[in-house]
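Visitor: Have a look at this one before I ask anything.
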Amino acid sequence: MSKEGTVKKTGKTVTFLLYLCSLVSSSLTPFLHVQTCLGAKKPFTEVIKANIGDAHAMGQKPITFFRQVLALCSYPALLEDSKFPEDAKQRARRILEACGGHSIGAYSASQGIECIRQDVARYIEKRDGGIPSNPDNIYLSTGASDAIVTILKLLVCGEGRDRTGVMISIPQYPLYSAALADLGAVQINYYLDEDNCWSLNITELRRALSAAREHCNPRVLCIINPGNPTGQVQSRQCIEDVIRFAKEEHLFLMADEVYQDNVYAEGCQFHSFKKVLFEMGPEYSNTVEMASFHSTSKCYMGECGFRGGYMEVINLDPEVKAQLIKLVSVRLCPPVPGQALLDLVVNPPQPDEPSYATFMKERTAVLSALAEKARLTEQIFNTVPGITCNPVQGAMYTFPRITLPQKAIDKAKELGLVPDMFYCMRLLDEEGICLVPGSGFGQREGTYHFRMTILPPTEKLKVVLQKIREFQLHFTQEFS
Ligand SMILES: Cc1ncc(COP(=O)(O)O)c(C=O)c1O
């Protein structure tokens, strides 16, 4: 890579910028009008995208077994090909048997293919140490996004002070604020505690709830664990406290658990809300209404494009459930290839099957590399003056705090930009690193952050961290 170079794929640069905008709040729209530098000489030869949680786009390889079965499902003539292992063929035959006309090109039941819902229920039971899961409570979805929006649609109603309020964490994953704005729901912000590894604090939940009761009807509490964009993993105690709070306040719990395999920090463990709810006893497990979400897009799979996912609902009133069925029927069914992929995620190769060894090797390689990159990111950022980074306990992101000199803040204001957007724009322009400004996720007034994914391959991530370090130093110097 030469030090000086022209960014040839200028069209792509524009796309990144626009995508970056699509991820951030509408308050940042002025950025859309910033001129990009098409064809200009740049001191880098490629733009490194560390802005989106899209593992395959960042070079992660698909799990062989998954793609073998999907290839067999898509083109069943391959079932005669001796290059495919027997367990892959057997899975493909089972999935095809369950499809209309034995084709993944057919519509499925709106709730999802029955035998796949059964496999999901078995997966949940195994994950949660035997706590029963009923396939009737499982709804397959088009990624987790579709299921999250569906539940919000189901729960949002009322007018004026009676309008549904939905509690979301700040910083938040923008799907939530966008869906709430679309549905005209009232967004209730509760702040995560940056000084304590972005933990969730019940006192803060109470503060946010009682303030919101003045102007809306709070009915839903959304939790993301492990967290996006903040990378924290909630303790079991914290989950219990949240469940107790939801029961006391009659809130519907939405547990977004799409990063359930992405836990890296020592002493941290993923606890599903469902498991904790049931372990708290019937007083809770028979009363608290909840939906939890999972996806094929994250963890070690990273298969975002297949749009696979599911939700499990608990304690839903039968009449509400009937409305939910109607709601999911409107979109006919989730993509069947995504459902097939989900089936493999919840029912992967077993130790006595031919694909097991390769599957485990590939899965472990992805998760170990992510764990190493999580450590590296925290370590390096915390050596940079003006950057403070919490441990990346889980998920795929870091959300470090940046100290910006007053002159940089003034300059951003002069340009009509939010200060951390100005910082990210300058970083993109000078170093070719694409991050998302913290303001796109929400942050405490007067603080500035960016979100960076830890998805670039390790060697590239090291380059990214080094470039951000150099940029931070000279940006601070320039505006001091
Ligand atoms: C916390 C969280 N929830 C949901 C989603 C949506 O994922 P998908 O719709 O691809 O399953 C994402 C994607 O990044 C996410 O980070």
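Visitor: Against the definition (buried (at least 21 other Cβ atoms within 10 Å of the Cβ), on the phi > 0 side of the Ramachandran plot and aliphatic (A, V, I, L, M)), how does A374 come out, yes or no?
Guide: Considered against the rule, which asks whether it is buried (at least 21 other Cβ atoms within 10 Å of the Cβ), on the phi > 0 side of the Ramachandran plot and aliphatic (A, V, I, L, M), A374 comes out as no.
Visitor: Regarding Y176, is this residue within 16 Å of the ligand (Cβ to nearest atom) and either out of contact with any strand residue (DSSP E or B) (no Cβ under 9 Å at 6 or more places or on another chain) or outside any helix (DSSP H, G or I) (or both)?
Guide: Taking the combined requirement at face value, the residue does not satisfy it.
Visitor: Given (1) touching a residue at least 12 places away in the same chain (Cβ under 8 Å); (2) over 23 Å from M311 (Cβ atoms); (3) in contact with a Phe, Trp or Tyr (Cβ under 8 Å, 6 or more places away or on another chain), where does P76 come up short, assuming only one miss?
Guide: Every listed condition holds for P76 apart from (3).
Visitor: Is there a residue being more than 22 Å from E289 (Cα to Cα), in contact (Cβ under 8 Å) with a residue 60 or more places away in the chain and more than 13 Å from the ligand (Cβ to nearest atom) anywhere in the stretch 202-223?
Guide: no
Residue-wise test of (1) of a type in the set (V, I, T); (2) assigned by TED's automatic domain parsing to the domain that holds G227.
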residue	(1), (2)
K321	no, yes
L327	no, yes
S355	no, no
T358	yes, no
I380	yes, no
T383	yes, no
P400	no, no
K413	no, no
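Visitor: May I ask you to verify whether M360 is of a type in the set (A, V, I, L, M, F, W, C) and under 21 Å from the mean Cα position of the chain (by Cα)?
Guide: no
Visitor: For the stretch 224-249, which residues satisfy the criterion of being without any contact (Cβ under 8 Å) to a residue 24 or more places away in the chain and within 16 Å of the ligand (Cβ to nearest atom)?
Guide: Hits for the stretch 224-249: nothing passes.
Visitor: Looking only at residues in the stretch 305-332 that are over 19 Å from N134 (Cα atoms) and surrounded by 21 or more Cβ atoms within 10 Å (Cβ to Cβ), which one is farthest from the ligand (Cβ to nearest atom)?
Guide: F306
Visitor: When you look at D195, is it in a helix (DSSP H, G or I), acidic (D, E), more than 16 Å from the ligand (Cβ to nearest atom) and closer than 27 Å to G438 by Cα, yes or no?
Guide: Spelling it out, D195 is indeed in a helix (DSSP H, G or I), acidic (D, E), more than 16 Å from the ligand (Cβ to nearest atom) and closer than 27 Å to G438 by Cα.
Visitor: Between A71, A106, A92, A88, which is out of contact with any strand residue (DSSP E or B) (no Cβ under 9 Å at 6 or more places or on another chain), assigned to a loop (DSSP other than H, G, I, E, B) and either crowded, with 17+ Cβ neighbours inside 10 Å or at pLDDT 95 or above (or both)?
Guide: A106
Visitor: Continuing with the same structure: For A121, all conditions in the list (1) assigned to a helix (DSSP H, G or I); (2) within 16 Å of the ligand (Cβ to nearest atom) hold save one; what is the number of the exception?
Guide: Going through (1) assigned to a helix (DSSP H, G or I); (2) within 16 Å of the ligand (Cβ to nearest atom) one by one, A121 breaks only (2).
Visitor: Also: If I filter the stretch 179-191 for residues that are within 16 Å of the ligand (Cβ to nearest atom), assigned to a helix (DSSP H, G or I) and acidic (D, E), do I get at least one hit?
Guide: The answer is yes; a qualifying residue exists.
Visitor: Also, quick follow-up: More than 15 Å from the ligand (Cβ to nearest atom) and not assigned by TED's automatic domain parsing to the domain that holds V392: is that true of D136 in this structure?
Guide: On the way: more than 15 Å from the ligand (Cβ to nearest atom): yes; not assigned by TED's automatic domain parsing to the domain that holds V392: yes.
Yes, satisfied.
Visitor: Answer yes if at least one residue in the stretch 153-171 is within 16 Å of the ligand (Cβ to nearest atom), assigned to a helix (DSSP H, G or I) and free of Cβ contacts under 8 Å to residues at least 40 places away in the same chain, and no otherwise. Before you say what the answer is, go through the steps one by one.
Guide: So in the stretch 153-171, the residues within 16 Å of the ligand (Cβ to nearest atom) come out as 153, 166-171.
Of the ones still in play, those that are also assigned to a helix (DSSP H, G or I) are 153.
Subset that is free of Cβ contacts under 8 Å to residues at least 40 places away in the same chain: none.
Checked the stretch 153-171: no residue is within 16 Å of the ligand (Cβ to nearest atom), assigned to a helix (DSSP H, G or I) and free of Cβ contacts under 8 Å to residues at least 40 places away in the same chain.
Visitor: For S141, all conditions in the list (1) assigned to a helix (DSSP H, G or I); (2) within 16 Å of the ligand (Cβ to nearest atom); (3) under 30 Å from K275 (Cα atoms) hold save one; what is the number of the exception?
Guide: (1)
Visitor: Just checking, how many residues over the stretch 383-439 are in contact with a helix residue (DSSP H, G or I) (Cβ under 6 Å, 6 or more places away or on another chain) and hydroxyl-bearing (S, T, Y)?
Guide: Residues that pass the stated criteria total 2.
Visitor: Would the stretch 269-282 turn up any residue that is surrounded by 20 or more Cβ atoms within 10 Å (Cβ to Cβ), assigned to a helix (DSSP H, G or I) and within 15 Å of the ligand (Cβ to nearest atom)?
Guide: Among the residues of the stretch 269-282, at least one is surrounded by 20 or more Cβ atoms within 10 Å (Cβ to Cβ), assigned to a helix (DSSP H, G or I) and within 15 Å of the ligand (Cβ to nearest atom), which makes the answer yes.
Visitor: Given the criterion in contact (Cβ under 8 Å) with a residue 60 or more places away in the chain, surrounded by 19 or more Cβ atoms within 10 Å (Cβ to Cβ) and more than 16 Å from the ligand (Cβ to nearest atom), identify the matching residue among F293, F252.
Guide: Values: F293 fails: more than 16 Å from the ligand (Cβ to nearest atom).
Going through F293, F252 in turn, just one is in contact (Cβ under 8 Å) with a residue 60 or more places away in the chain, surrounded by 19 or more Cβ atoms within 10 Å (Cβ to Cβ) and more than 16 Å from the ligand (Cβ to nearest atom): F252.
The values are calculated or read from the model by the stated rules, or taken from the named source; none is laboratory data. None of these values were measured; they are calculated from a predicted model. Note that each Cβ is placed from the backbone with ideal geometry, even for glycine, and that neighbours are counted across all protein chains shown.
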